[in-house]
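The values are calculated or read from the model by the stated rules, or taken from the named source; none is laboratory data. Predicted, not measured: the structure shown is a model, and the values here were computed from it. Here Cβ is always computed from backbone atoms with ideal geometry, including for glycine, and neighbour counts include all displayed protein chains.
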């Protein structure tokens with residue numbers, strides 16, 4: 001609600017839109033809200049929604065659950081009020097992932113609505129500067145969601161060229177047109193400080209985290225104090241950043257490390273303070289220091305420049321595009337302690353007149369570059385040129401996708417061939433067939449492939465089904481599931497193909513939704529969906545667009561229940577009988593993606609997977625899974641080699657892929673066994689909602705680890 005660059009941006013932009021009589025609604029997550037609530041602030045409508053507005057806490061990690069709930073609240077208001085002219089979101093934590101996924105899949109609710117991504121501070125970049133392993137789950141998956149947002153948006157806006165250059169250098173797959181618009185800033189909100197009568201020396205504003213350059217700043221000041229500097233430094237900002245490098249909160253760590261200088265009165269930590277206290281601290285400071293090792297276009301710099309303060313900042317940020325050294329402030333080379341010390345000394349040696357001159361130039365620069373009216377005009381011009389209609393191709397990140405329609409034998413246009421592998425499943429098959437026939441998509445043929453059933457009841461059941469219209473029964477000697485699927489695909493005559501095990505079910509809308517995507521997306525060759533377990537489990541499994549490198553670490557999609565273009569499956573996805581322990585369907589997905597036949601996922605539970613004690617999947621163990629993964633890497637050696645460093649980093653951070661259910665969960669905090677426990681997950685959910693509980697839990701976890709060591 002307050003503080004932080006994106007919050008400040010939303011406030012500045014929304015307030016200007018209200019001034020121009022443009023209707024604006026700001027949606028923001030609030031941990032303490034269960035549903036949603038509506039309030040108004042200075043004419044700005046604010047909708048605060050809960051992280052679990054869509055109940056997904058049992059199967060989604062916290063950040064991904066927020067993205068699901070964000071999509072739900074936006075859709076709810078569209079249903080109530082109609083489509084907006086534009087949706088704008090940050091990329092951070094992939095919050096717009098499911099909005100953009102549904103838009104890319106052709107959902108009508110978002111058709112014709114341009115979606116802007118305002119590039120703020122992607123975690124897949126920021127984590128590196130905060131010394132966090134970007135390959136650890138769920139952080140890696142959060143980064144994948146962010147990257148998809150940047151790829152799929154109708155427009156990407158960045159307030160700095162600096163961020164765009166870093167994105168493209170690190171991730172060339174994100175190549176696209178980025179529009180540079182300096183964030184708006186209303187100078188009328190600022191009271192210019194009396195810089196002639198200051199009581200504080202240097203003040204740092206910002207969260208106490210590595211990315212903000214706090215370690216570099218304190219090292220430089222410590223050396224200067226040791227050399228005789230008497231000027232003081234005050235740190236203003238949230239101390240409760242958990243610094244992974246030392247497994248402690250940053251405030252506690254810094255107080256211990258720099259206790260000597262705190263005792264001498266040279267260093268003080270004020271913690272997070274309210275807005276009017278920020279004004280007070282800014283007025284009192286001779287020098288504002290912003291030493292970030294990475295910053296996009298920080299409002300902390302703009303706010304202090306607008307106050308005509310002397311700002312010393314690192315050159316690692318977009319602010320260097322308006323802050324010019326010795327013209328309207330001071331810059332030092334990021335990472336160079338000696339240069340930082342030199343610039344601190346220079347700043348303190350300036351006369352009051354020199355500081356005043358730099359300050360006035362700084363305020364003029366902010367007014368020139370960040371004028372809200374100019375920002376509005378530039379943004380509206382961008383929107384005039386955007387085509388918000390659904391695109392013919394899905395925006396894959398890594399798949400070099402084929403858009404050619406492969407032909408394979410005679411095809412009956414529009415027909416869906418559903419292949420049902422069968423082996424002694426008389427007790428379940430009627431329910432499975434009934435679910436197929438209940439589909440809203442009616443142009444279906446059902447092909448049951450019996451893999452040598454030897455139970456009398458099952459043989460009799462097949463004879464009964466053989467006489468039903470629209471059902472074909474094929475018998476063969478027992479050869480295993482891969483050959484059953486392959487034979488079924490050979491006998492199918494439909495343009496589309498689906499597999500459904502004889503004890504599983506599909507929801508009525510699955511096939512029609514999937515086929516609509518296949519018809520409208522040239523580069524999509526198969527479609528999956530989320531899974532709801534039934535029988536001996538009531539859990540759910542979210543699946544995601546299967547792309548490397550994560551696809552090569554762990555299966556991302558319900559590969560036994562996909563809907564295909566039949567010709568694409570025959571060309572690239574036939575099952576391999578060498579996979580005697582299973583995962584032949586996972587291998588099939590890898591084969592298709594490797595050859596450019598990409599697939600997507602409907603983020604809805606359209607597939608019902610029956611959990612049985614005697615099912616094939618229950619026979620998996622560490623040994624046969626490791627053997628199967630060895631088969632996968634051997635068969636797709638070059639594909640794995642193409643992503644070797646990424647796969648190695650994911651495995652080093654997380655261990656073997658077969659230990660994971662989905663990439664969104666906090667496995668690094670809790671064992672896989674405990675994550676499956678409902679009570680533990682419920683506790684995690686409640687802790688994540690409450691900042692105070694989060695701090696207590698992290699402290700307890702850190703102390704427990706130390707005790708165990």
I'd like to check something: does segment 498-515 contain any residue that is buried (at least 24 other Cβ atoms within 10 Å of the Cβ) and in a strand (DSSP E or B)? yes
Can you tell me how many residues within segment 344-401 are closer than 27 Å to residue 88 by Cα and part of a helix (DSSP H, G or I)? 19
Hey, among 495, 490, which residue is surrounded by fewer than 22 Cβ atoms within 10 Å (Cβ to Cβ), out of contact with any strand residue (DSSP E or B) (no Cβ under 6 Å at 6 or more places or on another chain) and not in a loop (DSSP other than H, G, I, E, B)? 490
Just the residues that are in contact with a helix residue (DSSP H, G or I) (Cβ under 7 Å, 6 or more places away or on another chain) and at pLDDT 90 or above, please, taken from segment 614-628. none
Could you check how many residues of segment 318-345 are surrounded by 24 or more Cβ atoms within 10 Å (Cβ to Cβ) and on the phi > 0 side of the Ramachandran plot? 1
With crowded, with 23+ Cβ neighbours inside 10 Å, in contact with a helix residue (DSSP H, G or I) (Cβ under 9 Å, 6 or more places away or on another chain) and not in a loop (DSSP other than H, G, I, E, B) as the only criterion, which of 527, 570 stands out? 527
State whether the residues of segment 40-48 include one that is within 25 Å of residue 537 (Cα to Cα), buried (at least 19 other Cβ atoms within 10 Å of the Cβ) and more than 13 Å from the chain's Cα centre (by Cα). no
Take residues that are within 16 Å of the chain's Cα centre (by Cα) and tell me which of the helices (runs of 4 or more DSSP H) falling wholly in segment 58-175 contain 2 or more. 62-81, 97-104, 123-129, 139-152
Only residues that are at pLDDT 95 or above and crowded, with 16+ Cβ neighbours inside 10 Å: list them for segment 19-35, please. 24, 26, 27
From the list 562, 552, which one is in contact with a helix residue (DSSP H, G or I) (Cβ under 8 Å, 6 or more places away or on another chain), surrounded by 20 or more Cβ atoms within 10 Å (Cβ to Cβ) and under 25 Å from residue 447 (Cα atoms)? 562
What is the residue count in segment 175-192 for residues that are in contact (Cβ under 8 Å) with a residue 40 or more places away in the chain and surrounded by 14 or more Cβ atoms within 10 Å (Cβ to Cβ)? 11
Whether any residue in segment 284-293 is in the same structural domain as residue 360 (by TED's automatic domain parsing) and surrounded by fewer than 17 Cβ atoms within 10 Å (Cβ to Cβ) is what I want to check. yes
Output for Cβ contacts, cut-off 6 Å, separation at least six or different chains, first residue farther than 20 Å from residue 240 by Cα in segment 263-283, second assigned to a helix (DSSP H, G or I), reads 266/225
So residue 32 fits all but one of (1) at positive phi; (2) part of a loop (DSSP other than H, G, I, E, B); (3) in contact (Cβ under 8 Å) with a residue 24 or more places away in the chain; what number is the exception? (1)
Hits in segment 332-343 (condition: outside any helix (DSSP H, G or I) and under 15 Å from residue 288 (Cα atoms)): 332
Taking the conditions exactly as written (in contact with a strand residue (DSSP E or B) (Cβ under 7 Å, 6 or more places away or on another chain), under 26 Å from residue 13 (Cβ atoms) and crowded, with 21+ Cβ neighbours inside 10 Å), does residue 117 satisfy them or not? yes
Residue 546 vs (1) touching a helix residue (DSSP H, G or I) at 6+ places or on another chain (Cβ under 9 Å); (2) in a loop (DSSP other than H, G, I, E, B); (3) more than 27 Å from residue 171 (Cα to Cα): all pass except (3)
For the structure I just gave you, tell me whether residue 579 is over 29 Å from residue 512 (Cβ atoms) and not assigned by TED's automatic domain parsing to the domain that holds residue 536. no
